[in-house]
1. Which of the residues spanning the stretch 71-91 are open to solvent by 10 Å² or more (accessible area, probe 1.4 Å) and either closer than 25 Å to THR29 by Cβ or in contact (Cβ under 8 Å) with a residue 24 or more places away in the chain (or both)?
2. Would you mention how many residues in the stretch 171-207 are more than 23 Å from ALA142 (Cα to Cα) and in a helix (DSSP H, G or I)?
3. When you scan the stretch 24-87 for strands (runs of 3 or more DSSP E) that lie fully inside it, which ones turn up with 2 or more residues that are within 22 Å of ARG107 (Cβ to Cβ) and polar (S, T, N, Q)?
4. At least 3 residues that are open to solvent by 10 Å² or more (accessible area, probe 1.4 Å) and modelled with pLDDT of 95 or more in each: list the strands (runs of 3 or more DSSP E) lying fully within the stretch 92-156 that qualify.
5. Between LEU179, LEU207, LEU190, which is open to solvent by less than 40 Å² (accessible area, probe 1.4 Å) and within 23 Å of PHE115 (Cα to Cα)?
6. Take the stretch 170-190 and flag every residue that is in contact with a Gly (Cβ under 7 Å, 6 or more places away or on another chain) and either hydrophobic (A, V, I, L, M, F, W, C) or at positive phi (or both).
Amino acid sequence: MSALIVTGTDTGIGKTIFSAGLVQALGATYWKPVQSGLEEETDSQIVSRLSGRPALPEGYLLQLPASPHLSAEAEGVEIDPNSLSLPEVDGVLVAEGAGGLMVPLNRKVLYLDLFARWRAPVILCARTQLGTINHTLLSLKALRDAGCPVAGVAFIGDAEPAVEETICQFGQVANLGRLPLLGELTSDALAVAFQASIRVDLIKEALAEGEMA
């Protein structure tokens, strides 16, 4: 099995939309280990709708839109990271985290710890807005300190070439491209934007290296 991890520098930056484009481009299967917040569409439902690809059942479905550990505690449960091994699928699995790397799953384990166990290549999604240099470089350092293989950074938002170059230079990381904000978010529009903007070839190379590791 081949697997990729999609995470972000923060919450609400568009990594679920990026995941949908990635799943569509790779003909992959999507998995969200923990979904916090059930008032609107889940991330799995969004990805399936936009990509036309299957999504596996979440490991945990929690009502409260908050950090997973707080959502779980509100329901009187504790997330067991040992129950969140990467599922076996035919082809490629895209697993998406929640929020940033330092989001707790319970009172002892962060998402970063889970990613380190999985050992799959990580795509870090980053805004192009003010503050992204600091957030992205800190996230890259955290990933590398934890021993996580980094496939590269995927930017989301309006073009900021100098900012993107700075991050990739200081972070010594591949630029996987920039997904623009889409006025009309449809499956077709996402596919066109993804094909035009994202370096899927570099992502496939990272997948191949991950299989050999």
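The values are calculated or read from the model by the stated rules, or taken from the named source; none is laboratory data. Given the structure is predicted, the values throughout are model-derived calculations rather than measurements. A quick note on method: Cβ atoms are made from the backbone with ideal geometry, for glycine too, and the neighbour counts reach across all protein chains shown. All accessible areas refer to the heavy atoms of the entire protein, side chains included, with ligands and DNA or RNA removed. Shrake-Rupley method; radii C 1.70, N 1.55, O 1.52, S 1.80 Å.
1. GLU78, ASP80, PRO81, ASN82, SER83, SER85, LEU86, PRO87, GLU88, VAL89, ASP90, GLY91, listed by residue number.
2. Total satisfying the criteria: 14.
3. 34-36
4. By residue number, 150-156.
5. LEU207
6. Answer for the stretch 170-190, where residues must be in contact with a Gly (Cβ under 7 Å, 6 or more places away or on another chain) and either hydrophobic (A, V, I, L, M, F, W, C) or at positive phi (or both): VAL173, ALA174, LEU176, LEU179, LEU181, LEU190.
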